[in-house]
Amino acid sequence: MTARPLTQSRLPLSLLRRGKVREVYEADADHLLLVASDRVSAFDVVMREPIPRKGAVLTQISAFWFERLASVMASHYVTVRTDEIVDRLPALRSRADEIEGRAMLVRRTEVVPFECVVRGYLSGSAWVEYRASGTLAGEALPAGLTESAPLEPPLFSPATKAESGHDLNVTFETMAAELGRELATRLRDASFAVYRAGRDHAAARGIIIADTKFEFGIDRDGTLRLIDEVMTPDSSRFWPADRYRPGQPQPSFDKQPLRDYLAELRGKGQWNGEAPPPPLPDQVVDATSRRYLDAYRLLTGRELGAAP
């Protein structure tokens, strides 16, 4: 699997959209091709430097979960095998090295316009709101909780999908009012089922999945499918179980070295938190890459690029 960083793909396919990390291409009438670059963002700013192998980690972790959880929830996943992708899309045959490991062929769906967040621990924006008002999305939570405290049972905490900036936490009732209670209930039940299956597997591998966000879509036959990325370091908080200490922030298997470095610059008044971003030292890039690779190895039990 190639280790050459990719800042942006430019494939001979029709580009449907470009996000912070992924390009989405039209493959055919029924399928899309998702290509994860090595771009990285922090504080809603995309850095200039790519993180080597990050895109492959995101793609391959998602593929691992889609395959492992196929009996739990239908998904849009078709394949991440480069030979199968280029067989379907011959125009990519000369670009196989570029997409190796980072491209995923998926079914087209109509995307449900909510992030389906499951929180097993009190952290992130949920902790910020709870500390200020004792609530989550305006609804009261039990008193006396501390940062990183476990939430049992886990909470379903949907959020609106934002094109830029942060998503906004909303209540289940808000989602149900827009989508209808039947679909909202199906989304909540599916989110809990996928989270619990993923949480239990990760726990056996020494990882706490503190929270995660799912996306869903409905295909042309009306089937609800899990889409996008699933329980990756970009869509979840992964904590090393052996270092978990409630009542404080936790170390994590993601871009924490990047966040720490940028937070230090902000604290010194050397960066205002807005674009353009500051240059990243090689050691920060390397440390961030290692975090992503560690997450893949622990979750899957193999090194990136090794056969299943």
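The values are calculated or read from the model by the stated rules, or taken from the named source; none is laboratory data. It should be emphasised that the depicted structure is a prediction, and the values quoted were computed from it without experimental measurement. Note: ideal-geometry Cβ built from the backbone for every residue, glycine included; neighbour counts use all protein chains shown.
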Is it true that some residue in the stretch 189-210 is among the hydroxyl-bearing types (S, T, Y) and either surrounded by fewer than 19 Cβ atoms within 10 Å (Cβ to Cβ) or in contact with a helix residue (DSSP H, G or I) (Cβ under 7 Å, 6 or more places away or on another chain) (or both)?
no
Considering only strands (runs of 3 or more DSSP E) wholly within the stretch 99-169, the ones with at least 3 residues that are in contact (Cβ under 8 Å) with a residue 40 or more places away in the chain and touching a helix residue (DSSP H, G or I) at 6+ places or on another chain (Cβ under 8 Å) are 103-107, 114-121
Of the candidates A210, A241, the one satisfying the condition of being farther than 29 Å from V45 by Cα and in contact with a strand residue (DSSP E or B) (Cβ under 8 Å, 6 or more places away or on another chain) is A241
Residues of the stretch 179-193 being of a type outside the set (A, V, I, L, M, F, W, C) and either touching a residue at least 40 places away in the same chain (Cβ under 8 Å) or assigned by TED's automatic domain parsing to the domain that holds A42 (or both), in sequence order, are R188, S191
Here the qualifying pairs (Cβ atoms under 6 Å; residues six or more apart or on different chains; first in the stretch 286-298 and more than 19 Å from V230 (Cα to Cα); second assigned to a helix (DSSP H, G or I)) come out as A287/P257; T288/P257; T288/L258
Out of (1) modelled with pLDDT of 95 or more; (2) surrounded by 15 or more Cβ atoms within 10 Å (Cβ to Cβ), the one D30 does not meet is (2)
When the stretch 66-98 is checked residue by residue, the ones that are crowded, with 18+ Cβ neighbours inside 10 Å, part of a helix (DSSP H, G or I) and touching a Phe, Trp or Tyr at 6+ places or on another chain (Cβ under 9 Å) are F66
